[in-house]
Amino acid sequence: MNSIFLPYKMGDLWEVKQKDPEAIILAGGTGLLVFLREKGLHPHTIVGLENLWELKQIEMQNGEIRIGAMVTHQQLLESPVIQAQLPGLHQAVTVLGYPPIRHMGTIGGNICTASPAGDTLPSLYVLNAVAELRTPTASRLLPIQDLIKGPGQNVLGRDEILYQIRIPVPSPSAVSFYFKVGQRKALAISVCSLASMLQVAEDEQTIVDCRFAWGSVGPTIMRFPGLEKNLIGEKLSLNKLREFGQTAASMVSPITDIRGSAEYRRMLVSNLPSKMLQTL
Amino acid sequence: MIIHFTLNGENKNLDCAPDCRVVDLLREELGHTGTKEACGSGECGACTILVDGISKLSCLMLAAQLEGHAVTTIEGMSKGEELHPIQKSFVEKGAVQCGFCSPGMVMATADLLQRNPSPDRKEIREALSGNLCRCTGYQKIIDAVESAAAEMRDDA
């Protein structure tokens, strides 16, 4: 590597990117530095976003929660807004890594790394999160599932960065859930994870809205809107969710790796939705 | 490139390579070998240091990221010959065997106790969950953290 820049202003960031369009963006470093070392890569230029104050804010605006790309997992964990409005995402960061990783790693890094096991991703999918991407001259909004293409792949252009995540404030009656199965409790890459959001009518039985997103069982986060639709209007029960889980399990093609077999993962896909009901 | 930071309270102005990691700067350039490197990929906690009082992994940081910050390593915990209460408890409770994980354990404990002066055993386990010890197991380490917390609250 020939140079590293840690700009304090967006203008200075764009200047670096203009001079070297191949400049690698450094967020929290917990993924990137491991990746560069493993692959023996020596990028010409690294540009870190850690001093860009505007990327480190969590704010409520127009009925949305806006989370800057450089907000750390620790900030999410401690934020009263996230605790109150997005308990599923809060739960996800409690089981992400361990303290120093949460002090360094960022939500933007977790998203752009696009790992199928990324701990914030399933929650962001069920929250219908939208990513704001910026170039020196323009900004565009993209649903999170359109930003992530596949394992380790996102659609960011060369002169583009992930600026912030926008999440519509969920209905106060919605219940959210995140559960991760790992090989150990801390510092585990998930074998299978599930985020869900569930809203029932005033009768406390009829499902009016539901969303489910599984991690680590496909090339990216898996969601089945067609199956979710079938649940709407139904009475919530353990059997319904078991059936739903079984159908979802027949639709995923997980892989076998050192963390778990395809068969075990498929069983988890099937069982986690009903586990949600048991923990509510 | 020249970077400016404080290391255990001392000003440092150093010339270092853009791809120099913090753990290498500390160990190789500055001879502060208290900070250990084991996995080099953020999975063991051995290289934990405090940056502005917050625990971070020195194997996953580049030296340039220290610009303007205050770094504390295990060498900065004791005051001369006087051990820090956390270090004292580790010794007293037999929480050290080979010692390789100990600097990271002590730094992670320092981070915990400044956030939460009265952690219960579950909270201690969670705070140290990423710091691996391959010798003695964790019970004595958790005992040591409990005792250090009490000592530092002055209600031992």
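The values are calculated or read from the model by the stated rules, or taken from the named source; none is laboratory data. The structure presented is a predicted model; accordingly, all values stated were derived computationally and were not measured. Cβ atoms come from the backbone with ideal geometry, glycine included; neighbour counts cover every protein chain shown. These accessible areas exclude ligands, DNA and RNA; they are computed on the full protein's heavy atoms, side chains included. Shrake-Rupley method; radii C 1.70, N 1.55, O 1.52, S 1.80 Å.
Annotation for the range A:1-91: chymotrypsin sites (Phe, Trp or Tyr not before Pro) lying in DSSP loop with at most 13 further Cβ atoms inside 10 Å of their Cβ are A:Y8. Rounded to two decimals, the Cα radius of gyration of the range B:85-155 over 2.2 N^0.38 Å is 0.96. Ratio of alpha-carbon Rg to the 2.2 N^0.38 Å globular estimate for the range A:98-226, to two decimals, please. Working it through for the range A:98-226, the quotient is 1.13. The mean accessible area for residues of chain A, using a 1.4 Å probe and ignoring ligands and nucleic acids, is 45 Å² per residue.
The longest part of chain A holding none of the exposed loop trypsin sites (Lys or Arg not before Pro), meaning those outside H, G, I, E and B in DSSP with at most 12 other Cβ atoms within 10 Å, is A:10-157. Protein heavy-atom surface of the range B:85-155, 1.4 angstrom probe: 49% of the accessible area is carbon and sulfur, with nucleic acids and ligands not counted. For the range A:45-77, a decrease in accessible area of 40 Å² or greater in the assembled protein chains relative to the isolated chain, with a 1.4 Å probe, applies to A:E50. For the range B:72-133, applying the loop criterion from DSSP together with a ceiling of 10 other beta carbons within 10 Å to the GluC sites (Glu not before Pro) yields B:E81.
Every Cα-Cα pair in the range B:2-76 was counted, and those over 15 Å apart are 47% of them. Per-residue 3J(HN,Hα) values for the range B:10-17, derived from phi via the Karplus relation 6.51 cos²θ - 1.76 cosθ + 1.60 with θ = phi - 60°, read 9, 5, 10, 10, 10, 9, 9, 6 Hz in sequence order (x marks Gly and Pro).
If you take the Cα centroid of the range A:97-128 and the Cα centroid of the range B:118-143, the two points sit 25 Å apart.
Cross-link check: pairs A:K235/B:K122; A:K17/A:K149; A:K185/B:K36 evaluated at a Cα-Cα cut-off of 30 Å; pairs beyond the cut-off: A:K235/B:K122. Taking each pair of different alpha-carbon atoms in the protein assembly as shown once, compute 1/r for the pair, average those values, and report the inverse of that mean as the Kirkwood hydrodynamic radius in Å to one decimal. Result for the protein assembly as shown stands at 23.1 Å. Put a dot 7 Å past the Cα of A:K9, heading toward its Cβ, do the same for A:R242, and the two dots end up 6.4 nm apart. When DSSP beta bridges are restricted to pairs lying wholly in the range A:1-121, around 45% turn out antiparallel. Cα-based values for chain B, radius of gyration first and Dmax second, are 15.3, 48 Å. Computed on protein heavy atoms with a 1.4 Å probe, the accessible areas place A:E132, B:E67, A:E263, A:E78 in the order A:E263, A:E78, B:E67, A:E132, largest first. Phi-derived couplings, Karplus 6.51 cos²θ - 1.76 cosθ + 1.60 at θ = phi - 60°, listed residue by residue for the range A:108-114: x, x, 4, 6, 5, 5, 6 Hz, with x used for Gly and Pro. Placing a label point 7 Å from the Cα of A:T279 along the Cα-to-Cβ direction, the residues of the range A:117-150 with a backbone N closer than 13 Å are A:123. Proximity of backbone amide H atoms, modeled 1.01 Å from N, is registered between A:N154 and A:K149 at under 5 Å, excluding neighbours fewer than 5 places apart on the same chain. For the range A:100-142, a decrease in accessible area of 20 Å² or greater in the assembled protein chains relative to the isolated chain, with a 1.4 Å probe, applies to A:P100, A:I101, A:H103, A:M104.
Can you grab the distance from the C-alpha centre of the range A:6-21 to the C-alpha centre of the range A:215-239, Å, no decimals? So the separation of the two Cα centres works out to 42 Å.
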